[in-house]
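S.K.: One structure coming up, written as structure tokens, with questions to follow.
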Number of protein chains: 2
Amino acid sequence: MKKRAVVLLSGGLDSSTVAGIASLEHGFQVSALSFRYGQRHTIELERAKKIAAHFSLEYNVVDVNIAQWGGSSLTDTNMTVPTDGNDAGIPSTYVPGRNTVFIAVALSFAEAIGAEAIYLGINAVDYSGYPDCRPEYLAAFQTLANLSSKAGLEGNGAKLVAPLIHMTKVDIVKKALELGVPIDVTWSCYQGGLEPCGVCDSCRIRDKALIEAGRLDLASSYAQLGGNLNESPSS
Amino acid sequence: MKKRAVVLLSGGLDSSTVAGIASLEHGFQVSALSFRYGQRHTIELERAKKIAAHFSLEYNVVDVNIAQWGGSSLTDTNMTVPTDGNDAGIPSTYVPGRNTVFIAVALSFAEAIGAEAIYLGINAVDYSGYPDCRPEYLAAFQTLANLSSKAGLEGNGAKLVAPLIHMTKVDIVKKALELGVPIDVTWSCYQGGLEPCGVCDSCRIRDKALIEAGRLDLASSYAQLGGNLNESPSS
């Protein structure tokens, strides 16, 4: 019987690549976990489902509405997603407690099904500056996980695995291509549109890496039409 | 303006007492938070709402179904809630990751509304032996909380406060009486019945403390009729 793992799958480039790593490289029987948390870009859930199907993973969606109390431009449609390039500090797209809630639910799931690992697409190099994407955050969560659960206390708790944490975005693109991740299916845009906006943080970081990896053809229309990914389109 | 706090309110004796401490003793403007997580004893939510009304707290219920993958007799109706007294080890009523999920959601909520404290009814003395009720678990969560959030990194993260953690159950009963907690409204039973079973762990621990505090009148019918709270009713 194959060892089991849970993969937090948002349908973005990073988590889709991690799904490939867990299933193809590390040989786990993977249960993918997505969240309907009140995000404006629910298109990512359709994409996550397709990615799960691509790698033949069991697919699960959990509802937990952490958008109901606002606090982020990613969930609050009264706020605007920034499109003027990478800001200093923590941007408004940061969703309070999002990764903490997602990993907590994944721990519950992993313990119930006896999974020995939880794979995360967290990346601390080319990212939006969210506090809950850093190695020290992950280490603290592992400590908590080991103390929190029946399995953890028995020494069989799930390990939090973040294979991309120290990779650059262009290396992630290369890894995705190597694993056959259908990059055109993945969805990284923070906006709620029908195609990637090309100007939010997430699109900019992704497009830049795709171009650097020689795959302009996979970038957003904005990038393909020669949009400047480093500067504000309005400045 | 009053300082704000979040209270995790299950509707049980402990969390109801904590709601009284946070609002009456510590003077917080309290937002109470309950969870519909797939528990069989949803009656606790009606009770939590009444307790919140009693203390004039804002009341919120969040849905997050961590019962869908089974693993606990508290949520899985194919399993039986143990009624034969306090077992050694972690009992089957333990819900994988429950407190971790609840506290994670509370952190998200607290950060969004600017609450400076999260009050928890966790108790490590007269309890069911769950791993996620111990001081070391709470300390690890505080470390994580400080690292995980925008507010935490800015030094304004919510503090996890567990005023009952080192109290005996009888002292909790006394504190509840002192604060005017309507103990008859609180619900602690693990079963899904219309009145407390009197024989699950939670009822036994509660009834014993009520009797010790001289309030047999507030105990379950089983206790009032002279049921033995220390031994198995079937042995």
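The values are calculated or read from the model by the stated rules, or taken from the named source; none is laboratory data. Note that the structure is predicted; figures quoted are calculated from it, not measured. Methodologically, a virtual Cβ is constructed for each residue, glycine included, from the backbone with ideal geometry; neighbour enumeration extends over all protein chains shown. Note: accessible area is taken over every heavy atom of the protein model, side chains too, but ligands, DNA and RNA are not part of it. Shrake-Rupley method; radii C 1.70, N 1.55, O 1.52, S 1.80 Å.
S.K.: Based on the Cβ-Cβ distance from A:Met1 to B:Met1, what FRET efficiency comes out when R0 is 51 Å, to the nearest 0.05?
M.R.: For A:Met1 and B:Met1, the calculated efficiency is 0.30.
S.K.: Further question on the same structure: Roll a 1.4 Å probe over the protein heavy atoms and report the accessible area of A:Arg4 in Å², nearest 10.
M.R.: Solvent-accessible area, nearest 10 Å²: 60 Å².
S.K.: Could you derive backbone 3J(HN,Hα) for the stretch A:179-186 from the dihedral phi with the Karplus parameters 6.51, -1.76 and 1.60 (θ = phi - 60°), listing whole Hz in sequence and x where the residue is Gly or Pro?
M.R.: Listing the rounded values in order: 8, x, 4, x, 4, 5, 7, 5 Hz.
S.K.: Let me ask another. With a 1.4 Å probe on protein heavy atoms only, work out how much accessible surface A and B bury together, total over both chains, in Å² to the nearest 100.
M.R.: 3100 Å²
S.K.: Rounded, prolate or oblate: pick one for the stretch A:116-183, where a ≥ b ≥ c are the square roots of the eigenvalues of its C-alpha gyration tensor, a/c under 1.5 means rounded, and failing that, prolate if a/b is larger than b/c, else oblate.
M.R.: oblate
S.K.: Checking the cross-link filter: which aspartates and glutamates have an alpha carbon closer than 16 Å to that of A:Lys49, excluding same-chain neighbours under 8 positions apart?
M.R.: Excluding near neighbours in sequence, the set is A:Asp14, A:Glu58, A:Asp63, A:Asp184.
S.K.: Which of the listed residues, B:Leu164, B:Gln224, B:Pro96, is farthest toward the dipole's positive end in chain B, when Lys, Arg count +1 and Asp, Glu count -1 at the beta-carbon?
M.R.: B:Leu164
S.K.: Quote the relative contact order of the stretch A:150-235 in percent (integer), defining contacts as alpha-carbon pairs under 8 Å separated by 6+ residues.
M.R.: That works out to 21 percent.
S.K.: Continuing with the same structure: Among the residues of the stretch B:142-156, which ones have their accessible area go down by 50 Å² or more when all the protein chains sit together, as opposed to their chain alone (1.4 Å probe)?
M.R.: Flagged in the stretch B:142-156: B:Leu144, B:Leu147, B:Ser148, B:Lys150.
S.K.: Still on this structure, please answer the following. So what is the accessible area of chain B per residue, in Å², with the probe set to 1.4 Å?
M.R.: 39 Å²
S.K.: I've got another one for you. With a 1.4 Å probe and every protein chain left in place, tell me how much accessible area B:Glu25 has, in Å² to the nearest 10.
M.R.: My reading of the accessible area for B:Glu25 is about 90 Å².
S.K.: Would you please give the residues with an amide H less than 5 Å from that of B:Gly157, counting only those at least 5 places away or on a separate chain, with H modeled from the backbone geometry?
M.R.: The list, which skips near neighbours in sequence, is B:Gly152.
S.K.: I'd like the Karplus ³J(HN,Hα) series for the stretch B:18-29: coefficients 6.51, -1.76, 1.60, θ = phi - 60°, whole numbers in Hz, and an x wherever there's a Gly or Pro.
M.R.: Values, residue by residue: 5, 4, x, 4, 5, 7, 7, 7, 9, x, 7, 7 Hz.
S.K.: While we're here: Quick one: Cα centre-to-centre distance for the stretch B:26-65 and the stretch A:35-77, in angstrom?
M.R.: After rounding, the separation between the Cα centres reads 26 Å.
S.K.: Kindly identify chain B as rounded, prolate or oblate by the Cα gyration tensor criterion: order the square roots of the eigenvalues as a ≥ b ≥ c, call it rounded if a/c is under 1.5, otherwise compare a/b with b/c, prolate if a/b is larger, else oblate.
M.R.: In terms of gyration-tensor shape, prolate.
S.K.: With the cut-off at 42 Å, report for the protein assembly as shown the share of all Cα pairs above it, as a whole percent.
M.R.: 21 percent
S.K.: Once amide H atoms are built 1.01 Å from N in the peptide plane, which residues 5 or more positions from B:Tyr119, or in another chain, come under 5 Å H to H?
M.R.: Those lying under 5 Å, H to H, from B:Tyr119 are B:Val6, B:Val7, B:Leu8, B:Val161.
S.K.: Provide B:Leu74, B:Leu24 ordered by accessible surface of protein heavy atoms (probe 1.4 Å), highest first.
M.R.: Final ranking, largest accessible area leading: B:Leu24, B:Leu74.
S.K.: Also, I was wondering about something else. Rounded to two decimal places and with Rh computed the Kirkwood way over Cα pairs, what is Rg over Rh for the stretch A:1-101?
M.R.: In the stretch A:1-101, Rg relative to Rh is 1.03.
S.K.: Roughly how many percent of the accessible protein surface of the stretch A:161-235 is carbon and sulfur, given a 1.4 Å probe and a whole-percent answer?
M.R.: So the carbon and sulfur contribution to the accessible surface is 51 percent.
S.K.: With a 1.4 Å probe and every protein chain left in place, tell me how much accessible area A:Thr80 has, in Å² to the nearest 10.
M.R.: Roughly 110 Å² of A:Thr80 is accessible to a 1.4 Å probe.
S.K.: Can you classify the stretch B:38-177 as rounded, prolate or oblate using the Cα gyration tensor, where a ≥ b ≥ c are the square roots of its eigenvalues, rounded means a/c under 1.5, and otherwise it's prolate if a/b beats b/c and oblate if not?
M.R.: rounded
S.K.: Hey, what do the phi angles of the stretch A:2-13 turn into as Karplus ³J(HN,Hα) couplings, whole Hz, using 6.51/-1.76/1.60 and θ = phi - 60°, x for Gly and Pro?
M.R.: 5, 5, 9, 9, 9, 10, 6, 10, 8, x, x, 4
S.K.: Mind listing the long-range amide H neighbours of B:Phe35? Cut-off is under 5 Å, sequence gap 5 or more, other chains count too, H placed in the peptide plane at 1.01 Å from N.
M.R.: Answer set, sorted by chain and number: B:Val62.
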